[in-house]
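Here the structure comes first, spelled out in structure tokens, and everything after it is commentary.
What follows draws every value from the coordinates through simple rules; no lab data is involved. As the structure is a prediction and not an experimental result, all values here were calculated from the model. Note that we place each Cβ from the backbone using ideal geometry, even for glycine, and neighbour counts take in every protein chain shown.
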């Protein structure tokens, strides 16, 4: 993948591949890596999924459908940015693997500034919202762009506090999906003064399963994530876990044990999150942080002459790999060790199984039985 | 020092030595160690302080005055317990060095049960007091005796919550010094159902300088200390620091950054204190804790025949040791290294200087210029 911009045709192919059934970011990265482009990967898809054991063909948007998504985005004044392009946010590109494509509406330049995520409870206390607003304002005054999820409560307060200095809302639905409805005014200001980002197609309404991907982008854009008020087992704690997995600093705002909204943040502190009482706590740590470590992209490239050999190796391996999978996540490296087979063959077998809906390739190199 | 009970005469000598001007617990331990008994140490005092550079004799209570303190305590039904006696609390005996003597009024047997300290702000929130009361009750129900300082706010709530199961109040004044006045009812219940402890003489009113010694006993009696609400630079944080120095577990209850009473506890968390949201947090750690490590008492004993030799060594060393002291604490071990002299001579020189008011021997082996 070159670091320049994609051609119009290859951009369409990226979009079609990214929107193909059973193609998550891991499979996407491996396919484009193996075949050298999304167009070539698309051409190989039917055969790969069939070999993985899938009977009906995978649903892939047509060229026209992809074109219509591009036009819908263009009408909103939104930009589609591919992870291989030079204006993809650097912090987000360092995630393993990054989302293949994001839509961005508003001040796209904010994506290139240092960012801190602020997330928290939807049903937040007045004090919690006041704290989030103040923290966002202080971080903004210190040159940090504040990233959040435009949800009720803490998220909205974080955006409000940082509108004058720079704020990014990451949505689960499309960049035009205004939810909750009472945030229509905030959304307008986000478009006018900030930036709205989404991995989903314009016009798409958010569904429950979109939120983990949304949360992954909130933490992925950010060098640090601050959790302000969170109950146990809440979405904010998922964002915190994703941030930790991505190597980002996790901060939690302490609260009284008598307040159930402090359970989650106090639990994060117990687990080793840094304590945040003010913007200084965050800025102090960020100053000490090394610059972003560029992710060393694994090379999945296979020369055209060797594709047949790889396919043959997968043929004898696929059943063994499938049998090794279980609902408990296992790392790809462990599967390589267990089979004793070359890594490219094991990875290719996993891609076939994932296209067939038999395996799920998780970010961070883990695999489960689907 | 034998582990049995003192004779009546030696008990009087302990009291007189402990109440002598410029004799703190470090000097006390070294003197009784060197001379083998408080009576012999008392006899050596005038010469030692004169050699240290003191002109007027040290003020030491007479035998009659000490006897009157014993009688005052007896009238209250209080007991005087010396650190060398077998019924001195074991946790407190492990402190370096322990207070030479404590007065105890009420159910003295509580001093031999496992204890947890709960301390905090005098001007506490209603929620903080409710939390302290509940925590004390839960710890009590699990067999822990709760130790606190009978101050307003958190201390009082901690005592109230643990009166039915066992509570110890450590006072800065004598065991009959009821302060604040509104705690008269609580004091009566503490005497009837709990225990009141003090290092001060009965009848003595607390002064500001008595509180660090009081705090040292609160943490010294306890395997763990929980701080519930504390502003920055408050007495509760001193207790927490003493507890950490004594090797006791320090817990802090988190609170909102918007509440100034959480500043101190959140800061303790930042410094590595364990987070306390409930009694389970404390009990879990206590279960994992090893039993009290008996303190290995340093031997300061010098055979009578060698006392003269030691005095002569001190004579050539005292000026050098004094010159090495500054307002910044230095360890006794460092002074031994710096002078290259034998440790007993350096320690004896320090005792002379402290009796003369020129050095201050701090718990934990540190020394400052007085």
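Quick notes on this structure:
- Semi-axis lengths, Å, the range B:8-148, gyration tensor of Cα atoms, sqrt of 5 times eigenvalues: 36, 17, 15
- Cα centroid separation - the range A:47-92 against the range B:231-310, whole Å: 59 Å
- Fully extending the segment from residue B:9 to residue B:343 would add 117.1 nm, taking 0.36 nm per residue of separation and subtracting the current Cα-Cα distance.
- Inter-copy spacing of residue B:272 label points, which lie 7 Å from Cα along Cα→Cβ, given in nm from shortest upward: 1.5
- The distance between label points at residue B:245 and residue B:301 comes to 2.9 nm (points 7 Å beyond Cα on the Cα→Cβ vector).
- Proxy reagent accessibility, fewest Cβ within 10 Å first, across A:159, A:112: A:112, A:159
- Max mean-square fluctuation residue, GNM over chain B, Cα-Cα springs under 10 Å, options B:113, B:358, B:309: B:309
- Per-copy distances of the residue B:126 label point, shortest first, in nm (7 angstrom along Cα→Cβ): 1.5
- Of all chain A C-beta atoms, the nearest to the rotation axis linking A with B is recorded, alongside its rounded Å distance, as A:254, 2.
- The distance between label points at residue A:206 and residue A:47 comes to 4.2 nm (points 7 Å beyond Cα on the Cα→Cβ vector).
- Principal-axis tilt of helix A:210-221 within chain A, Cα atoms, nearest 10 degrees: 70 degrees
- Computed [θ] at 222 nm, helices only, for the protein assembly as shown once each DSSP H run of length n ≥ 4 contributes -39500 (n - 2.57): -14000 deg cm²/dmol
- Here A:123, A:118 are placed in order of increasing Cβ neighbour count within 10 Å, fewest first, which gives A:123, A:118.
- Using alpha-carbon coordinates, inclination of helix B:25-35 to the longest axis of chain B, degrees: 40 degrees
- The other copies place their residue B:328 label points at 5.5 nm from this one, listed shortest first, where each point is 7 Å from Cα along Cα→Cβ.
- Degrees, to the nearest 10: A:343-355 long Cα axis against longest axis of chain A: 80 degrees
- Springs between Cα atoms under 10 Å define the GNM used for chain B, and in it the highest mean-square fluctuation of B:304, B:61, B:254 occurs at B:304.
- Counting every other Cβ atom within 10 Å of each residue's Cβ, A:27, A:20 order from fewest to most as A:20, A:27.
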